[in-house]
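Bear in mind that the values in this text are calculations on the coordinates, not laboratory data. Everything quoted here is computed from the prediction, not taken from an experiment. Cβ sites come from the backbone with ideal geometry, for glycine too, and all protein chains shown count toward neighbours.
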Amino acid sequence: MVKRPFSKSAGIHTMCVHAGEGIDKETRALRRPIHMANSYELPTDIEELIEVFSWDHLDKFQYTREHSVTPRHLEERLAALEGSEDCVATASGMGAVSAVLFTLLNAGDHIVASEACYTGTQKLLSAHIPRFGVNVSLVDTTDLEAVRAAVRPETKAVFVETPGNPLVYVSDIEKIAEIAHAAGATMIVDSTWSGLITQKPIDLGADIVVHSATKYLNGHGDALGGAVMGPKELMAEVREGGIVHLGACISPFNAWLIMRGLVTLPLRMQKHSANAMEIARFLQAHPKISQVRYPGLEDHPQHDLAARQMSEFSGMMNFSIDADLMGCFQFLEHLEIITHAVSLGHDQSLIIYIPTMFFFDDMVEFDDRQKEKYTEIMGEGIFRFSIGIEDPEDLIRDLEQALEKV
Ligand SMILES: Cc1ncc(COP(=O)(O)O)c(C=O)c1O
């Protein structure tokens with residue numbers, strides 16, 4: 001395989017096209033092929049064999065759960081895009097989150113994490129990680145004083161999801177990294193909702209960045225995947241402890257699909273952000289809408305921070321309508337273009353309704369104080385809305401006609 005010369009100082013569009021790509025030496029194809037193999041022939045030369053089994057030679061392969069060719073191309077592209085020394089591709093976003101947490105944390109350690117984050121991560125932190133003797137403090141990471149107060153001498157990591165799922169609250173990466181580092185802790189950012197292009201956690205001081213590549217990075221709603229980005233040595237530990245031994249390796253086919261999706265990431269993120277801004281303004285002015293939360297709106301609680309920390313505001317928002325539960329589901333039923341489905345960051349617009357009681361009963365583990373606080377914020381419930389790259393006029397027309405029928 002011949003690599004094209006590729007400069008790390010290239011612009012983001014160039015990186016999306018060229019990083020990790022190359023010309024196939026055998027066929028001169030302009031695309032690297034997908035290697036759907038789970039095992040590789042081993043050398044009989046002992047020195048070469050030792051290299052294959054060493055983590056210092058990531059261009060040599062033995063077994064696909066350890067690492068393999070096509071996922072390695074994806075890792076090269078993602079490391080270049082995120083500006084990290086290395087990347088470990090994983091089977092899913094949760095594969096990435098759990099690989100990091102199980103690699104870094106030991107019994108007796110403490111972690112501070114965003115209380116309002118993806119429900120899978122929230123459950124992992126509240127119901128599972130403590131079973132291994134790790135103490136977890138789930139705090140409102142939009143509140144720097146709360147983060148500072150939660151840090152202890154044994155705090156090993158601070159985990160921040162920003163923008164956070166499902167409320168699109170924004171936490172200050174730079175300030176929280178300072179707090180984490182002063183305590184000797186590792187700062188981890190789940191940057192999934194930013195779509196990577198709009199936010200640079202490593203430049204702001206984060207040590208490790210995780211993504212669900214299922215979402216914006218892939219962007220086409222087909223493959224599942226995840227990624228962990230950070231310093232080389234730490235990534236070698238994540239690869240061995242978090243992937244090889246826990247097992248969440250990515251399939252070469254999914255890695256190839258995500259690699260292909262990444263080519264258009266900056267173009268898609270511009271469109272997601274522009275569409276979302278237009279739709280947020282439409283919803284804000286609609287008489288049946290009681291609340292819209294989008295970081296690009298001036299009345300979003302962290303709008304100023306988002307404007308400093310992000311280059312665009314990405315495509316995620318939530319809103320509430322003046323209707324009871326039946327009315328909310330009637331609204332969903334009448335949508336024609338926007339699809340009632342989980343997940344986000346796809347080409348097509350997706351929406352779900354999260355009734356607040358269901359959120360507390362089934363999705364997260366909150367104490368009474370947290371329940372009271374989030375009931376005040378969410379009211380009866382919120383629509384989590386992932387704005388796609390369709391024509392904004394069509395999305396607005398679809399919302400308008402469905403709202404009329406409520
Ligand atoms: C912020 C965030 N992190 C992680 C995940 C989990 O990703 P996956 O579904 O790829 O495991 C999600 C899923 O919605 C998410 O929103």
* Structure fact -> Kirkwood-based Rg/Rh on the Cα set of the stretch 8-141 evaluates to 1.07
* Which value does Rg/Rh take for the stretch 67-171 over its C-alpha atoms, Rh per Kirkwood? -> 1.00
* Calculate how steeply helix 265-285 sits against the longest principal axis of the alpha-carbon atoms of the chain, using the helix alpha-carbon long axis, and give the answer as 0 to 90 degrees to the nearest 10. => 10
* Which pairs, out of K215/K371; K8/K200; K215/K373, put more than 24 Å between their alpha-carbon atoms? -> K215/K371; K215/K373
* Asked: Between K60 and A307, what FRET efficiency follows from the Cβ-Cβ distance if R0 is 41 Å, with the result rounded to 0.05?
  -> 0.35
* chymotrypsin sites (Phe, Trp or Tyr not before Pro) restricted to DSSP loop in the stretch 1-70 with at most 13 other C-beta within 10 Å -> F53
* To do: Over 14 Å, how big is the tail of the calculated P(r) for the stretch 351-403, in percent of all Cα pairs?
  => 62
* Asked: Just how many % of Cα pairs in the stretch 58-116 lie over 20 Å apart, if you round to the nearest whole percent?
  -> 39
* Asked: Exactly which GluC sites (Glu not before Pro) in the stretch 1-69 are in a DSSP loop and have at most 12 other Cβ atoms within 10 Å?
  -> E26, E41
* Please give, to one decimal in nm, the separation of the simple spin-label points placed at A10 and E376, each 7 Å out from Cα toward the Cβ. => 5.0
* What are the principal axis extents of the Cα atoms in the chain, in Å, biggest first? -> 73, 51, 34
* Highest average packing first - 176-183, 336-343, 249-256, 157-164, Cβ atoms within 10 Å -> 157-164, 249-256, 176-183, 336-343
* If you build the Cα gyration tensor of the stretch 265-404 and take the root of 5 times each eigenvalue, what three semi-axes come out, in whole angstrom, biggest first? -> 23, 20, 14
* In nm, to one decimal, how far is the modelled label at M363 from the one at E47, with both set 7 Å along Cα→Cβ? -> 5.8
* Give me the angle, in degrees from 0 to 90, between the Cα long axis of helix 392-404 and the longest principal axis of the Cα atoms of the chain, rounded to the nearest 10. => 40
* Asked: How much length is gained on full extension from R148 to A182, taking 0.36 nm per residue of separation minus their Cα-Cα distance?
  -> 11.2 nm
* What angle, in degrees between 0 and 90 and rounded to the nearest 10, separates the Cα long axis of helix 93-104 from the longest principal axis of the Cα atoms of the chain? -> 60
* Structure fact -> Quick calc: nm separation of the 7 Å Cα→Cβ label points for Q284 and H340 -> 2.9
* To do: Multiply the residue separation of L332 and A29 by 0.36 nm, subtract the distance between their alpha-carbon atoms, and state the gained length in nm to one decimal.
  => 104.5 nm
